[in-house]
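The values are calculated or read from the model by the stated rules, or taken from the named source; none is laboratory data. Just so it is clear, the structure is predicted and the values come from calculations on it, not from any experiment. Backbone-built Cβ (ideal geometry, glycine too); neighbour counts: all protein chains shown. Ligands, DNA and RNA are excluded from the accessible area calculation, which covers all protein heavy atoms including side chains. Shrake-Rupley method; radii C 1.70, N 1.55, O 1.52, S 1.80 Å.
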Amino acid sequence: PGCKIAFYKFIPRYHHHFGKQCRVADYGYTKLRDLLDSLPHVIQVIGEGAKTFITLAHKAQVRRFSNDLLKMLKSQPEKQFLLSAFPAVFERSFFKPFSIYDYGVCHLKDILSDIPENTIVMEDVTEESKPDVMISVFRRDQTQEEVMRTRGFAKEVVELLRHSPDLSICFNKFIPAYHQHFGRQCRVGSYGMTKLIELFEAVTDTVEVREDGEERLVQLTKDKMVW
């Protein structure tokens with residue numbers, strides 16, 4: 001709870017969670033406290049005596065919060081939602097109530113202000129005569145050349161998937177299949193993107209990515225299935 005644990009409980013919890021002993025000597029230390037103090041970018045030890053706790057460092061909490069927020073945003077149809085709806089979106093995404101204290105801060109806006117640049121966009125809006133904030137995924141505008149390349153990519157995806165069973169392919173097999181079919185790497189950076197999923201989201205008139213059990217499938221849209 002709250003991403004913290006009593007210092008004296010760390011060793012038995014480690015053993016219970018990983019099924020093995022935590023041997024500090026394996027990491028070149030003689031004391032657990034020294035080992036933990038060597039990881040200030042990940043954890044911090046606070047308090048004294050019986051009230052000593054281990055908790056995630058703020059930088060680690062910000063990374064964790066940023067990843068969770070992006071998952072929430074990408075689950076929304078337009079990749080955005082209102083700040084006032086944050087608890088509800090969080091609960092739908094992670095199936096548990098939202099508690100800002102789990103991220104080591106007292107106020108949501110405190111950690112939102114620490115999210116790295118070019119991750120999200122926050123815009124002041126008025127919703128039902130009340131001030132609110134719209135949070136959305138940051139997107140860098142594509143250059144004209146990148147737009148043209150993306151259109152070409154859409155045609156390539158159609159060609160590739162029409163040679164695939166059921167006109168679909170597992171998401172994690174797309175890159176090697178592309179390489180094998182076209183004889184070259186699929187470099188998402190060439191299209192102004194950082195992730196393959198972003199590239200697919202730029203050609204939603206051509207393909208859709210859907211969940212199939214524990215896998216994600218890349219599939220042609222119904223319009224492209226007919227030729």
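Okay, residues lined up against (1) modelled with pLDDT under 90; (2) open to solvent by 70 Å² or more (accessible area, probe 1.4 Å); (3) assigned to a helix (DSSP H, G or I):
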{"site": "I5", "(1), (2), (3)": "no, no, no"}
{"site": "I11", "(1), (2), (3)": "no, no, yes"}
{"site": "H16", "(1), (2), (3)": "no, yes, yes"}
{"site": "L36", "(1), (2), (3)": "no, no, yes"}
{"site": "Q61", "(1), (2), (3)": "no, no, yes"}
{"site": "M72", "(1), (2), (3)": "no, no, yes"}
{"site": "E78", "(1), (2), (3)": "yes, yes, no"}
{"site": "S93", "(1), (2), (3)": "no, no, yes"}
Would you pick out the residues in the range 111-151 that are closer than 30 Å to I43 by Cβ and either open to solvent by 70 Å² or more (accessible area, probe 1.4 Å) or assigned to a loop (DSSP other than H, G, I, E, B) (or both)?
S113, D114, I115, P116, E117, N118, T119, M122, F138
Lone unmet requirement of (1) open to solvent by 50 Å² or more (accessible area, probe 1.4 Å); (2) of a type in the set (A, V, I, L, M, F, W, C); (3) under 30 Å from N118 (Cβ atoms) for A57:
(1)
Is there a residue in the range 174-187 that is under 21 Å from the mean Cα position of the chain (by Cα), surrounded by 15 or more Cβ atoms within 10 Å (Cβ to Cβ), free of Cβ contacts under 8 Å to residues at least 24 places away in the same chain and within 28 Å of E117 (Cβ to Cβ)?
no
Restricting attention to the range 38-50, the residues that are farther than 15 Å from G104 by Cα, outside any loop (DSSP other than H, G, I, E, B) and either under 29 Å from the mean Cα position of the chain (by Cα) or free of Cβ contacts under 8 Å to residues at least 12 places away in the same chain (or both) number exactly 1
Those residues of the range 108-152 which are touching a helix residue (DSSP H, G or I) at 6+ places or on another chain (Cβ under 6 Å) and within 25 Å of R184 (Cα to Cα) amount to E146, R149, T150
If M193 satisfies all but one of (1) part of a loop (DSSP other than H, G, I, E, B); (2) in contact (Cβ under 8 Å) with a residue 24 or more places away in the chain; (3) open to solvent by less than 60 Å² (accessible area, probe 1.4 Å), what's the number of the condition it fails?
(2)
Where a residue in the range 149-172 is within 17 Å of D212 (Cα to Cα) and of a type in the set (S, T, Y) and its partner, wherever it lies, is open to solvent by less than 80 Å² (accessible area, probe 1.4 Å) and in a helix (DSSP H, G or I), with Cβ under 9 Å and at least six apart:
S164/A177; S168/L161
Please find, within the range 20-34, the residue that is farthest from A6 (Cα to Cα) out of those that are in a loop (DSSP other than H, G, I, E, B) and open to solvent by 60 Å² or more (accessible area, probe 1.4 Å).
G28
Could you tell me whether any residue of the range 95-108 is more than 30 Å from V209 (Cα to Cα), part of a strand (DSSP E or B) and within 21 Å of the chain's Cα centre (by Cα)?
no
Hits in the range 196-215 - residues which are surrounded by 11 or more Cβ atoms within 10 Å (Cβ to Cβ), out of contact with any Cys (no Cβ under 7 Å at 6 or more places or on another chain) and either in a strand (DSSP E or B) or among the polar types (S, T, N, Q) (or both):
T204, T206, V207, E208, V209, R210, D212
Considering residues that are of a type in the set (G, A, S), within 18 Å of K59 (Cβ to Cβ) and free of Cβ contacts under 8 Å to residues at least 12 places away in the same chain, the number found within the range 86-118 is 1
Just one of the numbered conditions (1) at pLDDT 90 or above; (2) closer than 30 Å to M134 by Cβ is not true of I54; which one?
(2)
